[in-house]
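Take a look at the structure set out below.
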Amino acid sequence: MGRAKILVVEDDQISKQLMYHFLKDYDVLYAETIKEAITQIETKPVNCVLLDISLHGNEDGLKISKYIKSEETKKNIPVIATTAHAFTHDRDRCLSSGCDEFLTKPIRKARLLETVEQHLKVKN
């Protein structure tokens, strides 16, 4: 088995660059919209999704999590919310939408990598 494929759903260029540097030991795919994310998930063997919940045009990134968890063949893909929305109700909303984990920005590299590894081990 090769390196895990991580789909980063993020529309902020600085956050994407940060993820690129943090996730250098993985094959990283990117999407900026719900449509792009679903296309990636449908066409590539994604092992984990890092999901910003606020995308361009007021797109609710949680629609991606709901989609993944509603699909029988995809529901085991770990979804980790990565967001600047840090209130308890934001966390609750993410988890109730199917996210497996909730990380607030700014994200520390060690915490991100630990969380990704933990969820990849559970999946495998």
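Comparing THR43, THR82, THR104 in a Gaussian network model of the chain where C-alpha atoms under 10 Å apart are linked, the largest mean-square fluctuation is found at THR43. Placing pseudo-labels 7 Å out from each Cα toward the beta carbon at TYR20 and VAL122 gives an inter-label distance of 3.0 nm. Dipole magnitude for the chain: about 340 debye, using +1 per Lys or Arg Cβ and -1 per Asp or Glu Cβ, origin at the Cα centre. Solvent exposure of the chain amounts to 56 Å² per residue of accessible area, where only protein heavy atoms count and the probe is 1.4 Å. Once you sort the root eigenvalues of the Cα gyration tensor of the range 35-124 as a ≥ b ≥ c, which label holds: rounded (a/c under 1.5), prolate (a/b larger than b/c) or oblate (the other case)? Taking the square roots of the gyration eigenvalues as a ≥ b ≥ c, the range 35-124 is oblate.
Centre-to-centre separation between the Cα atoms of the range 7-29 and those of the range 70-116: 15 Å.
As a fraction of the 1.4 Å probe accessible area of the range 1-121, surface on carbon and sulfur atoms comes out at 52 percent. Please work out the FRET efficiency for the pair ARG108 and GLU71, using the Cβ-Cβ distance as r and a Förster radius of 35 Å; give the result to the nearest 0.05. With a Förster radius of 35 Å, E is 0.65. Cysteines in the chain that lack a partner Cβ within the 4.7 Å cut-off: CYS48. For the residue pairs LYS35/LYS109; LYS44/LYS66; LYS35/LYS121, the alpha carbons lie more than 26 Å apart in LYS35/LYS109; LYS35/LYS121. Dividing the summed -39500 (n - 2.57) terms of all DSSP H runs of n ≥ 4 by the residue count of the chain sets its mean residue ellipticity at 222 nm at -13000 deg cm²/dmol. The simple spin-label model puts a point 7 Å past each Cα toward its Cβ; for LYS5 and LYS35 those points are separated by 2.1 nm. Shape class of the range 1-57 from the Cα gyration tensor (axes a ≥ b ≥ c, square roots of the eigenvalues): oblate, since a/c reaches 1.5 or more and a/b does not exceed b/c.
The values are calculated or read from the model by the stated rules, or taken from the named source; none is laboratory data. Quick caveat, the model's predicted, so the values are computed rather than measured. Because the Cβ atoms are built from the backbone with ideal geometry, glycine has one as well, and the counts that use them run over all protein chains shown. For the accessible areas, the whole protein counts, side chains as well, though only heavy atoms, and no ligand, DNA or RNA atoms are used. Shrake-Rupley method; radii C 1.70, N 1.55, O 1.52, S 1.80 Å.
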